[in-house]
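Values quoted throughout were computed directly from the atomic coordinates according to the rules given, and no laboratory measurement underlies them. Note that the structure is predicted; figures quoted are calculated from it, not measured. Positions of Cβ are backbone-derived with ideal geometry, glycine not excepted, and every protein chain shown enters the neighbour counts.
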Amino acid sequence: MGIGGYLSLINITPWTMIRGDQSSYQMNSWDFPQTLKPFSQTEVYIEREYLPFGTVSDTQAGVTYMLAADDLQTSADSLSYQIHYTAPDGHEDGAVEVILSNLQTPETAKGGAINLGFSANAVASDHITTPWILSGLLFEFSANDISSAWMSRDLGTLGCRILRHICLPGSHDAGMSRRDGGTVFGTEGRTRTQHLDIGQQLAQGIRYFDLRPVISDGQYKTGHYSHISGSFQGANGQSFDEIINQVNDYTDKHSELVILYLSGTYNTDLGPDSYRAFNQDEWDGLLSQLAQGLHHLSSAPSLFPGTDIGWLRLDTFISATSAAVIVVVDDKDIDLGSREGHGFISSTRFSLVNEYSNTNDKDKMADDQFDKLNRYRGGSIDGDSGFLMSWTLTLSTSDTIGGTSVLTLADWANNALYSAGYFWDRYVKTPLVFPNVLMIDDVPDDGRFRALVFGINWMLGWSGIPSAC
């Protein structure tokens with residue numbers, strides 16, 4: 001009996017990882033595979049001893065991996081890293097860090113450490129996974145420490161690609177990091193989808209924000225509402241004033257492309273039985289607020305009238321010194337007028353299939369999303385439309401009655417994202433058939449999500465996605 005969980009190793013490099021020395025003290029389980037093939041994933045269960053009377057902080061373990069060049073001309077034999085586990089005071093689960101012995105990333109020099117954290121299983125039936133993600137080549141490795149500003153960091157490579165050839169990390173119901181008023185049954189557990197606010201999500205690399213505007217007490221806010229048993233139930237989240245300030249704070253400092261996708265509007269000031277979608281005047285009020293407030297609205301779409309921006313290169317929007325914000329309006333009845341193309345576009349100019357799985361079962365969700373990816377993309381690089389993969393779970397009636405929260409389901413879904421057999425093992429079979437947006441609830445604060453999405457983008461380049469560079 002001990003305290004343990006899973007470490008997931010995701011090798012997004014063309015090299016085999018070969019295990020070197022392995023040692024442990026006060027560990028029940030610390031046994032890593034001899035090799036990890038290129039572009040593959042494995043999971044290792046690690047467990048420290050339960051020591052009610054011992055010195056937990058003496059617990060430690062380590063393993064070394066070297067990257068073997070195989071048939072590549074560039075020798076990578078000297079490239080290596082070490083995985084260390086310790087159990088410092090105050091960290092019951094323990095902690096895992098990776099020492100970059102003889103390789104480096106732009107963010108961490110040789111000999112530096114990347115902290116992965118570590119979460120142990122609460123009960124034996126749990127399958128809590130902590131990922132270590134390494135992607136790239138000899139002088140261009142990326143890992144869990146990848147910069148928040150990942151687009152501008154690799155603009156020399158990504159800038160030459162059209163948006164349809166880039167995977168964007170997305171946030172579902174992105175404004176619902178808190179409950180700011182709502183209905184009786186719109187409890188926090190049923191409506192809160194994020195721990196991080198928009199500014200914090202930007203700092204974690206999110207570039208696509210799913211926002212549901214509402215009018216509440218005469219103000220424009222984000223919301224999360226549903227029609228249940230003849231009335232509307234839900235809650236409000238961040239205000240658009242706050243979102244505008246947070247987007248500006250980030251894009252004033254980082255040359256990134258940010259997409260704000262607006263859909264599912266409600267005027268909640270009309271009473272719980274009378275909510276309706278925004279009319280033209282109400283949309284105009286919100287768009288005016290955004291137009292007057294956002295600093296980096298991009299006019300690039302105006303140069304290509306009627307063109308889906310997915311077919312435009314990333315460097316059409318951003319440069320090493322300039323950010324860009326695009327607001328997408330998903331309402332076919334609304335006329336954008338003179339704003340069209342100048343920071344604002346209709347959803348017809350950013351076509352994405354977005355069909356969530358409507359289940360609380362992570363296995364069914366993963367099956368459903370990959371089935372839809374392959375069906376709508378037609379098994380090809382482009383397909384007829386872009387595809388948004390909704391890696392999210394939905395509360396059932398029994399979940400609601402039993403007190404399960406949206407954030408609990410998000411934990412299950414997000415954990416599966418890094419677990420063997422769920423995402424990477426399926427995606428890598430046909431790497432050029434990929435989601436244009438990978439969208440989740442509860443964006444994590446430790447870099448793992450942007451590292452995974454960046455790994456997809458690196459894999460696309462390795463697999464031959466078209467590029468004008």
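Odds and ends about this structure:
- Rel. contact order, % - alpha carbon contacts under 8 angstrom, at least six apart, region 166-308: 24 percent
- Scanning residues 5 or more positions from Met27 or on other chains, those with amide H under 5 Å from its amide H are Glu49, with H placed 1.01 Å from N in the peptide plane.
- Which of Lys429, Lys364, Lys372 has the fewest Cβ neighbours within 10 Å, and the rest in rising order: Lys429, Lys364, Lys372
- Per-residue packing, averaged as other Cβ atoms within 10 Å, sorts the ranges 218-225, 102-109 into the order 218-225, 102-109, beginning with the highest.
- Each Cα pair under 8 Å and six or more residues apart adds its separation to the average, and for the chain the resulting relative contact order is 15 percent.
- Degrees, to the nearest 10: 406-417 long Cα axis against longest axis of the chain: 50 degrees
- Helix-only arithmetic for the chain: the sum of -39500 (n - 2.57) across DSSP H runs with n ≥ 4, divided by the residue total, places the mean residue ellipticity at 222 nm at -5500 deg cm²/dmol.
- Answer label, with P(r) over Cα pairs in 20 Å bins from 0, in percent calculated from the coordinates and candidates [x] 18, 36, 25, 15, 5, 0; [y] 23, 55, 21, 1; [z] 21, 43, 23, 12, 1: [y]
- In terms of other Cβ atoms within 10 Å, Thr183, Thr392 run from fewest to most in the order Thr183, Thr392.
- 0 to 90° range, to nearest 10: angle between helix 280-293 axis and the chain longest Cα axis: 50 degrees
- Rounded to whole Hz, the Karplus (6.51, -1.76, 1.60) HN-Hα couplings of region 49-56, x for glycine and proline: 5, 7, 10, x, 10, x, 9, 4
- Exposure proxy order (Cβ contacts within 10 Å, fewest to most) of Ser8, Ser467: Ser467, Ser8
- Whole-Hz Karplus values for region 202-211 come out as 4, 5, 9, x, 5, 10, 10, 10, 7, 10 Hz, taken residue by residue from phi with 6.51 cos²θ - 1.76 cosθ + 1.60 and θ = phi - 60°; glycine and proline positions read x.
- Taking amide H as placed 1.01 Å from N in the peptide plane, the amide H of Phe278 sits under 5 Å from that of Thr265, Tyr266, Asn267, each at least 5 places away or on another chain.
- Relative to the longest principal axis of the Cα atoms of the chain, helix 362-376 runs at roughly 70 degrees.
- Partnerless Cys - the chain, beta-carbon criterion under 4.7 Å: Cys167
- Take the Cβ atoms of Asp333 and Phe53, set R0 to 60 Å, and the FRET efficiency comes out at 0.30.
- Antiparallel bridge percentage (DSSP; both residues within the chain; nearest 5): 60 percent
- Across region 36-44, coupling constants 3J(HN,Hα) worked out from phi with the 6.51/-1.76/1.60 Karplus curve, θ = phi - 60°, read 10, 5, x, 6, 10, 9, 9, 10, 10 Hz, and Gly and Pro carry x.
- Length-normalised contact order of region 270-367 in % [C-alpha pairs under 8 Å, at least 6 apart]: 28 percent
- The charge dipole of the chain, taken about the Cα centre with unit charges on the Cβ atoms of Lys, Arg (+1) and Asp, Glu (-1), comes to about 900 debye, rounded to the nearest 20.
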